[in-house]
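Enquirer: Below: one structure in structure tokens.
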Amino acid sequence: MRYREKKMAGFLTLGQQGGFSRRQLLATGLAATVLSGCAKEPGMVFRTAEFHPKDYPTSMAITEMGRLMEGYSDGKLSLKLYAGSQLGAERDTLEMTTFGGIDINRVSLGPLNSIEPMTNILGLPFLFNNVAHMRYAMDGAPGQQVLRALDSHGLIGLCFYDSGARSFYNTKRPIRTPDDMAGMKFRVQNSDLYVSLIQELGGNPTPMALGEVYQSLVQGVIDGAENNWPSYYEGRHFEAAKYYSLTRHVIAPEVLVMSKQRWDMLSPAEQEIVQKSARESVPYMRTLWDAKTLEAEKAIRASGVQVNEVDDQQAFVERAQPVWSQYIRTAAERNLVDAITEMGAGHA
Ligand code: BDP
């Protein structure tokens, strides 16, 4: 089948698989063109999932990507953003994306960890020296390698977005040394890597969707969690957990993925437009991210949260070390770690 026929057939199949009714398809207007067999080329609207609200940096970057894509394709390619977790929790939307029910999805690396081992590498504790190091490595060969590794899982890795540095917050006490974590229950993403990390540091890990964290903190189901300034702020977790301890243990990026099913329906020229638009949304995302991080930090500090630096970050680095040997299993993984570490020299 030529790509254009494949695209039309694919569109209809996608509609059926996704369980859309004929009425829903017609409502898009796009389908009306397909069904009427009109000669005009139909456009494509990519269903796009995002956990965060629509004014969060990642959401705004996706909107920007859509704007660029529409411009480059003369309106033929566009996206509809379902922000604020409208399409479900990340683990579920990711699964839908691999099966083609969602076209584009912005996810944390956490839910990808059980799908593609290479993603664990980027989540290794204390791998990146700082955000600048992470950005540099993701813009280079290591980033490309991890994005390409997603191909075999029904996903096309489009680009990386930021997620800052993750630190611990809790309802009980400041964490200054790893021993302060003992006995505390920390929510983690649904990722074995995070479970191991908390265990090595001496806490009790509780995997849970992000949307359940606020309530669980309030009800005492968990004592704490870990996240970057913007997410700690956005989810109002800082109102329930008043101690934020700057361990900066993980600086993994976020990733924007596209369903391979949808990608394969596009012509090479259309694929290039999607890829280019995603890539070009990255600098915009970074500017927004930096501003949002400062804004969140300022608001959190002003709210009376007790923020502390840890006594000795090296003590956390050493405790977390077993996670490295657990997740660096192949020569390719070792090489990836080495390449990233070397790139850190200019970003001390
Ligand atoms: C936030 C990410 C979000 C994850 C979340 C988490 O932006 O995608 O769902 O962390 O901890 O920083 O689950």
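Enquirer: Show me, bin by bin at 10 Å from 0, the whole-percent P(r) of the stretch 47-197 based on Cα pairs.
Expert: Final binned percentages: 10, 33, 37, 15, 4, 1.
Enquirer: Of the options LEU81, GLY143, GLY211, report the single residue whose Cα projects farthest towards the positive end of the charge dipole of the chain (beta-carbon charges: Lys, Arg +1; Asp, Glu -1).
Expert: Projecting each Cα onto the dipole axis, the largest value belongs to LEU81.
Enquirer: Just to be sure I understand the rule: take each whole DSSP H helix in the chain, project its Cα atoms onto its long axis, keep it if the span is 30 Å or more and its mean Kyte-Doolittle hydropathy is at least -1.0. Which ones pass?
Expert: On the way: long enough: 268-302 (50 Å, -0.68).
Both cut-offs are met by 268-302.
Enquirer: Taking the Cα centre as origin and putting +1 on Lys and Arg beta-carbons and -1 on Asp and Glu beta-carbons, what dipole magnitude results for the chain, to the nearest 20 debye? Show your work: numbers first, answer last.
Expert: Details: 36 positive and 39 negative charges, 201 e Å.
With only Lys, Arg, Asp and Glu charged at Cβ, the dipole is about 960 debye.
Enquirer: Would you calculate a helix-derived [θ] at 222 nm for the chain, using -39,500 (n - 2.57) for each DSSP H run of n ≥ 4 and dividing by the full residue count, to the nearest 500? Each step should come with its number before you reach the end.
Expert: On the way: 16 runs with 168 residues, N = 348.
When only DSSP H runs of four or more count, the value is -14500 deg cm²/dmol.
Enquirer: If the viscosity is 1.567 mPa s and the temperature 4 °C, what translational diffusion coefficient in µm²/s does Stokes-Einstein give for the stretch 230-310 when Rh comes from Kirkwood over Cα pairs?
Expert: Numbers: Rh = 15.7 Å.
In µm²/s, the coefficient is 83.
Enquirer: Quick one: check the C-alpha center-to-center distance for the stretch 268-341 versus the stretch 212-241, whole angstrom.
Expert: Using only Cα atoms, the two centres lie 19 Å from each other.
Enquirer: May I pose another question? Just order 51-58, 155-162 by mean Cβ neighbour count inside 10 Å, highest at the front, would you?
Expert: Details: 51-58: 19.6, 155-162: 24.2.
Top to bottom by mean Cβ count within 10 Å: 155-162, 51-58.
Enquirer: Given N residues in the stretch 125-212, what is its alpha carbon radius of gyration divided by 2.2 N^0.38 Å? Don't jump to the answer; show the numbers that get you there.
Expert: Details: Rg = 15.9 Å, N = 88, 2.2 N^0.38 = 12.1 Å.
Taking N as the residue count of the stretch 125-212, the ratio is 1.32.
Enquirer: I've got another one for you. Excluding ASN129 itself, calculate the net charge of residues whose Cβ lies under 13 Å from the Cβ of ASN129, where each Lys or Arg counts +1 and each Asp or Glu counts -1. Walk me through the numbers on the way to the answer.
Expert: Values: positive: ARG135, ARG248; negative: GLU342.
Within the 13 Å Cβ shell, the charges total +1.
Enquirer: If you project the alpha carbons of the chain onto the principal axes, what extent comes out on each, in Å, largest first?
Expert: Each principal axis gives a Cα extent; for the chain these are 68, 44, 31 Å.
Enquirer: Residue-wise, which Karplus ³J(HN,Hα) couplings in Hz belong to the stretch 204-213, taking 6.51 cos²θ - 1.76 cosθ + 1.60, θ = phi - 60°, and x for glycine or proline?
Expert: 10, x, 10, x, 6, 6, 4, x, 9, 5
Enquirer: Where in the stretch 51-87 is the amide nitrogen less than 19 Å from a point lying 7 Å along the Cα-to-Cβ axis of GLU212?
Expert: Those under the cut-off are 51-52, 85-87.
Enquirer: Students often check this: by mean Cβ neighbours within 10 Å, which of 216-228, 284-296, 242-254 ranks highest, and how do the rest follow? Write down the numbers at each step before the final one.
Expert: Values: 216-228: 20.5, 284-296: 17.2, 242-254: 22.8.
Final packing ranking: 242-254, 216-228, 284-296.
Enquirer: Can you check how the C-alpha radius of gyration of the stretch 202-348 compares to 2.2 N^0.38 Å, as a plain ratio?
Expert: On the way: Rg = 19.4 Å, N = 147, 2.2 N^0.38 = 14.7 Å.
Cα-based Rg divided by the globular estimate yields 1.32.
Quick note: the coordinates plus some simple rules give every number you see, no bench work behind them. All values reported here derive from a predicted model rather than from experimental measurement. Cβ sites come from the backbone with ideal geometry, for glycine too, and all protein chains shown count toward neighbours.
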